[in-house]
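The values are calculated or read from the model by the stated rules, or taken from the named source; none is laboratory data. Just so it is clear, the structure is predicted and the values come from calculations on it, not from any experiment. Here the Cβ is made from the backbone with ideal geometry for all residues, glycine too, and neighbour counts use every protein chain on show.
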Ligand SMILES: C[S@@+](CC[C@H](N)C(=O)[O-])C[C@H]1O[C@@H](n2cnc3c(N)ncnc32)[C@H](O)[C@@H]1O
């Protein structure tokens with residue numbers, strides 16, 4: 001990981017020799033560790049360090065920004081003001097984009113979808129513009145993980161981000177107007193990805209999905225959420241209707257975890273509105289539920305929620321990073337057309353479709369608990385214990401207001 005030597009090169013250093021950096025540290029008075037940090041993370045120095053670099057290397061802040069590619073709005077305004085000149089300098093060097101488009105046969109065809117064993121860029125190039133209703137992407141996170149495809153998951157940051165921008169551009173191209181793009185990634189990468197997407201699509205939400213994905217390490221907070229970016233193409237989404245969730249109750253006594261006070265009768269019997277913090281998505285950890293060895297498989301519940309809220313039956317869902325095929329299976333079970341690819345072996349996806357009844361059963365279980373204030377099981381337990389339900393609270397409230405309004409009825413309580 002890390003960046004190539006953009007910072008050192010901006011100072012005219014090769015960055016290859018420890019002695020060279022040591023001399024730079026002596027010359028500027030900036031510690032070696034900090035110089036290496038600027039270089040490794042491609043971070044612009046500020047304050048005294050910036051002044052020292054300007055003084056000793058004759059490099060201005062603007063030059064540093066341009067050479068390290070850390071273009072802020074100030075630099076951007078200058079570039080825009082000189083865009084004609086800059087275009088004339090760089091245009092001849094820019095090669096025409098290559099769109100390899102050799103048709104390949106899908107490795108699997110289902111009633112509603114097609115799976116290709118391909119690189120995502122090659123696959124995306126073959127997809128028609130403006131033809132997809134939802135793109136869901138869960139790319140590798142560049143965390144040096146071993147995938148069945150043996151792909152390199154530890155490349156330089158600028159290389160990872162440049163590759164990311166390439167496939168994102170293609171996802172945007174194939175997305176239909178009003179279509180939705182969801183990107184699942186670490187906050188580290190999604191913070192940069194969202195900057196790229198702003199101005200190309202319309203931002204809807206940064207959804208935090210509460211799943212612990214790493215161990216607590218001294219010197220940093222315990223990473224506890226994945227980021228799910230949600231953008232749409234054009235002004236507004238074709239569909240944004242989210243499932244409602246059951247309210248939380250104690251697993252042993254079934255009492256509410258939240259006190260609704262005098263507002264019980266106002267509770268929607270269909271459940272609580274979905275927020276942009278999702279705390280009810282369980283990770284797929286148990287071997288029994290895993291559809292392929294190793295990590296990185298997303299839960300059916302997550303894909304069900306995304307597909308349900310942003311598409312209608314018959315719409316088309318695309319996933320360029322198939323993995324174990326969660327997106328494809330959920331799309332199929334929900335009556336959506338789908339297409340996608342996976343660069344590595346596709347056997348796990350194909351096997352998964354052969355035993356799709358398991359996912360169907362799981363999905364039915366998940367859906368049976370949605371759009372009720374209390375899940376059917378919790379409601380039964382509460383009724384048995386004389387605890388309120390949406391219906392009992394509404395009936396009680398009606399009886400009370402009726403009594404207050406009917407002439408001769410019971411007057412206001414003391
Ligand atoms: C994080 S996993 C996706 C998991 C998937 N969402 C699931 O629930 O099973 C990322 C997948 O992308 C695949 N992949 C990596 N680079 C790719 C590329 N250039 N084109 C297509 N697939 C790629 C990897 O082999 C891996 O299976």
Q) From 311, 279, which residue is over 22 Å from residue 137 (Cβ atoms) and either loosely packed, with under 14 Cβ neighbours inside 10 Å or in contact with a strand residue (DSSP E or B) (Cβ under 7 Å, 6 or more places away or on another chain) (or both)? A) 279
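Per-residue answers, yes or no, for (1) in a helix (DSSP H, G or I); (2) in the same structural domain as residue 41 (by TED's automatic domain parsing); (3) in contact with a strand residue (DSSP E or B) (Cβ under 6 Å, 6 or more places away or on another chain):
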residue	(1), (2), (3)
139	no, no, no
153	no, no, no
164	yes, no, no
178	no, no, no
181	no, no, yes
189	yes, no, no
**Q.** Looking only at region 108-138, and only at residues there that are under 20 Å from the mean Cα position of the chain (by Cα) and closer than 19 Å to residue 201 by Cα, the one that is nearest to the ligand (Cβ to nearest atom)
**A.** 138
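Test residue 207 against the stated conditions and say whether it is outside any loop (DSSP other than H, G, I, E, B) and in contact with a helix residue (DSSP H, G or I) (Cβ under 8 Å, 6 or more places away or on another chain).
No.
Per-residue answers, yes or no, for (1) assigned by TED's automatic domain parsing to the domain that holds residue 23; (2) within 16 Å of residue 29 (Cβ to Cβ); (3) in a loop (DSSP other than H, G, I, E, B):
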position	(1), (2), (3)
45	yes, yes, yes
51	yes, yes, no
54	yes, yes, no
64	yes, no, no
67	yes, no, no
70	yes, no, yes
74	yes, no, no
77	yes, no, no
80	yes, no, no
Q.
Take the residues in region 378-414 that are at pLDDT 90 or above and part of a loop (DSSP other than H, G, I, E, B); name whichever of them is nearest to the chain's Cα centre (by Cα).
A. 389
Q: Check off (1) at positive phi; (2) modelled with pLDDT of 95 or more; (3) away from the ligand (no atom under 16 Å from the Cβ) for residue 323 and give me the number that stays unchecked.
A: (3)
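Taking the condition part of a helix (DSSP H, G or I), modelled with pLDDT under 95 and more than 12 Å from the ligand (Cβ to nearest atom), does residue 304 pass?
No; evaluated as a whole, the condition is false for this residue.
Please verify whether residue 185 is in contact with a helix residue (DSSP H, G or I) (Cβ under 7 Å, 6 or more places away or on another chain), surrounded by 14 or more Cβ atoms within 10 Å (Cβ to Cβ) and at pLDDT below 95, treating the condition exactly as stated.
no
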**Q.** Selection count, region 13-36, where residues are surrounded by fewer than 16 Cβ atoms within 10 Å (Cβ to Cβ), closer than 25 Å to residue 160 by Cα and modelled with pLDDT of 95 or more
**A.** 2
(Q) Taking the condition of being near the ligand (Cβ under 9 Å from one of its atoms) and modelled with pLDDT of 95 or more, how many residues in region 141-176 meet it? (A) 2
(Q) For the structure I just gave you, tell me whether residue 13 is part of a helix (DSSP H, G or I) and under 20 Å from residue 158 (Cβ atoms). (A) no
Q: Six or more apart or on different chains, Cβ under 8 Å: which pairs go from a residue in region 338-353 that's touching a residue at least 24 places away in the same chain (Cβ under 8 Å) to one that's more than 13 Å from the ligand (Cβ to nearest atom) and in a helix (DSSP H, G or I)? Could you list them?
A: 338/332; 353/332
